[in-house]
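Structure first, then comments.
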Amino acid sequence: MQILLGYEIINYLIYSAIGIFVLWILNKLIFKKLSLAFKLAINLTPFTFLFFLIIANNYQNLLEVNNYQAYLFLGFVTITYLMLIYVVLLILLEPINKLINSTKRLAKGYKDAGEKIEGSKEFDIIDTNINLIEKQYKKSSKTRLEMEEEYFKFIPKQFFKYLGKKDVLEMKLGANVQKTVSILFCDMRDSFSRSETISLYENFELINEYLGLIGQVVTRNNGFIDKYLGDGVLAVFARSRDAIKASSQIAAKLNKKTVKKYNLKKFNFGIGIHTGKVVIGIVGGENRMSPTVISDSVNLASRVETLNKEFETKILFTKQTLNNLPNNFSFSYRYIGTFKVKGNLEKLPLFENLDYYSKESKDKIMKYSDIFESAIRAYEKGQNKKASKIFNAIVKENPKDEAAKKYLKISERKQKK
């Protein structure tokens with residue numbers, strides 16, 4: 001009886017293994033286009049039939065009292081039957097694992113779902129729908145990227161970084177942060193006289209050409225444009241050295257830029273830089289919001305810029321900007337004087353950036369920078385005679401030094417009073 005029981009168990013396992021293998025082949029090659037319900041019926045019927053057939057064959061043995069071998073065999077068959085059903089379901093429902101992995105990939109932001117899902121008519125439909133979702137997702141992602149690129153033309157990326165936001169949808173009215181930054185203000189001169197010599201369209205075209213050039217330099221030096229104020233530009237830099245480098249490059253490019261097609265000699269401009277604390281945030285109303293930089297530092301940079309007109313310089317910056325430069329940052333500059341600026345209680349020491357000059361002009365200015373500074377110190381102490389004497393000597397050696405010429409006129413005028 002024991003030998004017979006063992007023989008039956010081995011036979012049952014062999015037939016089950018053969019059945020599983022055959023069904024696996026059939027599911028892979030023939031049944032994969034059938035509906036899942038029909039496939040389940042086909043796959044489960046043989047094992048269910050075999051199970052009940054074994055019970056029927058052993059029915060008489062089960063009725064015998066104390067026939068523990070029959071019950072043992074029946075228990076084994078039942079457990080094996082359940083395991084076979086489990087294996088069959090694993091084979092049939094394997095695409096569900098692929099479906100889970102695909103939805104996980106899509107949820108994590110991947111643009112593709114991964115493996116192809118197939119195994120039955122229903123899974124083919126699911127795979128088709130997921131492919132459509134992929135296409136829609138890629139299309140919406142592309143649209144979103146394009147929209148973000150358009151947003152960044154109006155709202156600089158640095159605003160999002162400063163405010164700790166990822167995209168424009170997170171920007172809320174009143175969101176703000178305080179930072180120490182360098183403000184660069186650049187303004188084009190002669191707008192009124194220019195408008196009398198060229199048409200409105202040409203004037204508009206010229207301004208865009210000028211603003212585009214500045215924008216490229218600002219971006220290249222890690223800054224961003226906060227505002228376009230007519231033909232003026234307000235740019236923000238996290239580091240003072242980037243603002244100084246940008247100012248040199250802007251001035252050098254504008255000096256070389258020819259505007260002959262507008263019958264103009266060249267761009268006339270001025271740049272002012274100041275470093276200080278600002279509030280960067282979102283202002284406006286619920287229906288119209290705008291990112292902006294708010295601080296007295298902004299006004300100060302603008303007023304520093306206007307002093308270029310007085311001394312016929314191109315780039316002036318404050319001592320606060322100079323103090324924020326790293327020790328290893330090298331550039332050419334000179335002290336230009338201390339001035340009372342509107343809106344500021346204390347006088348501001350100002351400096352001229354000389355790096356935009358040609359090498360020959362810069363070398364001449366730097367050659368006399370020490371005595372130029374001593375002349376300014378004398379002028380600020382009211383020693384106009386001494387100051388004018390030094391300025392006169394500088395102008396004789398370098399007639400193109402406009403700041404020295406301007407100081408010479410002022411000191412001479414004060415002597416006559």
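Each value in this text was obtained by applying a stated rule to the coordinates, not by laboratory testing. The structure displayed is predicted, hence computed values, not measured ones. A quick note on method: Cβ atoms are made from the backbone with ideal geometry, for glycine too, and the neighbour counts reach across all protein chains shown.
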Cβ crowding within 10 Å averaged over residues, with 284-293, 218-227, 316-325 ranked highest first: 316-325, 218-227, 284-293
As an exercise, use a Förster radius of 30 Å and the Cβ-Cβ distance of F329 and E286 to find the FRET efficiency, rounded to the nearest 0.05. 0.10
Working out 0.36 nm times the residue gap between R413 and K179, then minus their Cα-Cα distance, what length gain in nm do you get to one decimal? 79.9 nm
Based on the Cβ-Cβ distance from T306 to K161, what FRET efficiency comes out when R0 is 51 Å, to the nearest 0.05? 0.95
Whose amide H sits under 5 Å from the amide H of L348, counting only residues 5 or more places off or on another chain, with H placed in the peptide plane? F339, K340, V341
What is the gain in length, in nm to one decimal, between F52 and V279 on full extension, counting 0.36 nm per residue of separation less the C-alpha to C-alpha distance? 73.6 nm
Cut-off under 5 Å, modelled amide H: who pairs with F224 long-range: V236
Residue pairs, from the table K253/K400; K342/K405; K172/K347, whose Cα atoms sit over 30 Å apart: K172/K347
Indicate the gyration tensor shape class of the range 303-345 (rounded, prolate or oblate), computed on the Cα atoms with a ≥ b ≥ c the square roots of the eigenvalues: a/c under 1.5 is rounded; otherwise a/b larger than b/c is prolate and the rest oblate. oblate
Stretch gain in nm, segment K406-L89, where the contour uses 0.36 nm per residue and the Cα spacing is subtracted: 104.7 nm
Modelling each spin label as a point 7 Å along the Cα-to-Cβ direction, I'd like the K172/T103 distance in nm, to one decimal. 3.2 nm
Check: C-alpha center the range 361-416 vs C-alpha center the range 329-360, spacing in Å is 15 Å
